[in-house]
Structures are given as structure tokens and as C-alpha cells.
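Asks: Structure provided below as C-alpha cells; questions to follow.
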Amino acid sequence: MAMRLTVQVLLVLQALLRDPGRELYGLELSEETGLLPGTAYPILLRLEHEGWVTSRWEDVDPREQKRPARRYYRLTADGAVQASAAVANARRPRGAALRTLAGEGGAA
Amino acid sequence: MLPESPVPARHKKAGLIFGAVTSCGFGVFSLLTGPPTRLPAILALAFVVIADVGIVIYAWPATDGFLVRARRQHGRPVRNGGPGGRGLSARGLDGEAGHVPGVAAGRLALRAAAWLMPRAAGRRWRAEAESVLFEMPAGWRGRAVRSYLRSAPRLAMMLWTRRLMRRFGRRA
């Protein structure tokens, strides 16, 4: 099944693409994308099902850390390639539309 | 999000829960006293029950968690905040997050919403939600809980569909 690339999905991909090797957890992703965590979670799950993203539970003792373990997400190698293409594709039509508008403005 | 109105939140919540329970009871009564089990009746009842669960889950965090406070006022222990519970409370981390109105009730709602999903996925969803909520600034938690609960029915649908497709896909 092909990924439906909504604005929210693109925001998540952009956040993950900033440093493809870096792992982000739910709260960091929310802060970077401006999405509420409840909105980001289904997107991450879909990306994971598609193989674009991989996730793991943080290996810590919650009592020692005095906080629950985090779930970390990062792009897979294949996911990084596909995400870059998807984000680039999403930007292209807007640029083309602006050039068209500028052309029309210039011709008038 | 429920619209702002002069009606107190607890009255709204009581009304929603009363409506949900009444319609659910009416559905069961109709099914039992009506013609012998027919598929449309069963489907209608299933729809009513699912809708009612949705209403209760939605109503719970949308208000101020008055049921939790009411229980505390009557001197009985609050289950999700006290020792010996599950999740964060069992790990002794519940108190660290501090009490935020609506969030304690929201945790109950998260637990209820997790039941809508396949077991393992529901557990993972709830664990991650609790982990994020724990580290989140107190002022944001209410909105975050609501966002989790709003996305839960759709997520449950997605997870069950995926699971059924995988199961039937394998057999085919």
C-alpha cells in the first residue's frame, strides 16, 4: 500500500530527515513538528509498517531514571531515501506553481 | 472538543454518560424482547455499544475528571493514583508527574481506549502515551491526552484492519 503523504506526514518525515541517523522519541517529535503526540503516533506507526521507520524501546530502568522508558524512532536506510524523495516531490509542485504565477505576473 | 457553554462540565459529562448508558440499555432490551436474533439487530446493537464507548471515552477527558475527585472526597482510594496499580503507578512514577485536572481521568480513558485495539498494539500505544505524557510540561498534558484519545478509534480501526488483512491474506 502506498503512503498517503499528508502535510502532517511530511512534517514528521522532515523532522526525521534533519539528521537521519538520530533517534527521536515522541515528545521530541512533537516539539519539532508542532504536532500533538496523539497525531504523530499513528503517522509513525504507518511509517513503521511501510518500513520507512524503525523503533525500539529505550533500554533503561525506569526506577533509576525516574521516568518511563521512551520509544525511539529513526529512519531506515531505505526509508531515508524514500522520505527525501517524498519531501522533495511535495515541494516541487509549489515551486512550479509560484514560477507559473510569477510568469503570468511578468507577462501581464 | 466540547464547545464552551455555561453548563458545568460535570453536568455535561453526567448527561453524556447517562445518554450512553440509556441508549445501550435500550438497545440490549430491544434485542432481548424483539424478534429472535437477526443480523441487522445485532449489528445495530454493536454500533450503539461502540458509539457509546466512544462517547464515554470522549466525555471523560473533555471534562474535569469529577468522578475521580468525587471518589477522593468520599475517602476511598483513587485507583490510578495510589500504590499497587498498574502502569506508571506500579513503577512508583505516578506521583512524579503531579496531579493535573483531567489527566488522572485521562489515564483511565487511555486504558479504556487501549482495549479497542489489538492487545499488543494497545499496550504499546498506552505505554508510549504514558511515557510522553510523563515528560510533557503539565500545562500541555490535557491537550495531549485528548489528542491520543481522538486518534484512538481511527488507530484501532487501522490496526484491526491490518491484522484481519494479514490473517485472511495468509489463508488466501
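Asks: For the range A:27-47, what are the residues that are away from chain B (no Cβ under 11 Å) and surrounded by fewer than 20 Cβ atoms within 10 Å (Cβ to Cβ)?
Replies: Of everything in the range A:27-47, those that are away from chain B (no Cβ under 11 Å) and surrounded by fewer than 20 Cβ atoms within 10 Å (Cβ to Cβ) turn out to be A:32, A:34.
Asks: Related question: Against the conditions (1) touching a helix residue (DSSP H, G or I) at 6+ places or on another chain (Cβ under 9 Å); (2) modelled with pLDDT of 90 or more, where does residue B:56 fall short? Just the number, please.
Replies: (2)
Asks: Out of (1) on the phi < 0 side of the Ramachandran plot; (2) more than 10 Å from the chain's Cα centre (by Cα); (3) not small (Gly, Ala, Ser), the odd one out for residue A:43 is which?
Replies: (2)
Asks: Hey, another quick one. Within the range A:27-38, can you find the residues that are out of contact with any Ser or Thr (no Cβ under 6 Å at 6 or more places or on another chain), of a type outside the set (A, V, I, L, M) and either in a helix (DSSP H, G or I) or on the phi < 0 side of the Ramachandran plot (or both)?
Replies: Once the filter is applied, which keeps residues that are out of contact with any Ser or Thr (no Cβ under 6 Å at 6 or more places or on another chain), of a type outside the set (A, V, I, L, M) and either in a helix (DSSP H, G or I) or on the phi < 0 side of the Ramachandran plot (or both), the range A:27-38 yields A:28, A:30, A:31, A:32, A:33.
Asks: Still on this structure, please answer the following. Where the second residue is not in a helix (DSSP H, G or I) and not β-branched (Val, Ile, Thr) and the first is under 14 Å from residue A:82 (Cβ atoms) and within 14 Å of chain B (Cβ to nearest Cβ) and lies in the range A:12-25, which pairs have Cβ atoms under 8 Å and are six or more apart or on separate chains?
Replies: A:12/A:35
Asks: Provide a single number: the residues in the range A:48-86 that are within 14 Å of another protein chain (Cβ to nearest Cβ), part of a helix (DSSP H, G or I) and surrounded by fewer than 16 Cβ atoms within 10 Å (Cβ to Cβ).
Replies: 5
Asks: Report whether or not residue B:27 is buried (at least 17 other Cβ atoms within 10 Å of the Cβ) and modelled with pLDDT under 75.
Replies: yes
Asks: Any idea how many residues of the range A:1-26 are surrounded by 14 or more Cβ atoms within 10 Å (Cβ to Cβ) and part of a helix (DSSP H, G or I)?
Replies: Of the residues in the range A:1-26, 11 are surrounded by 14 or more Cβ atoms within 10 Å (Cβ to Cβ) and part of a helix (DSSP H, G or I).
The values are calculated or read from the model by the stated rules, or taken from the named source; none is laboratory data. Remember, it's a predicted structure, so these values are computed and weren't measured experimentally. Cβ atoms come from the backbone with ideal geometry, glycine included; neighbour counts cover every protein chain shown.
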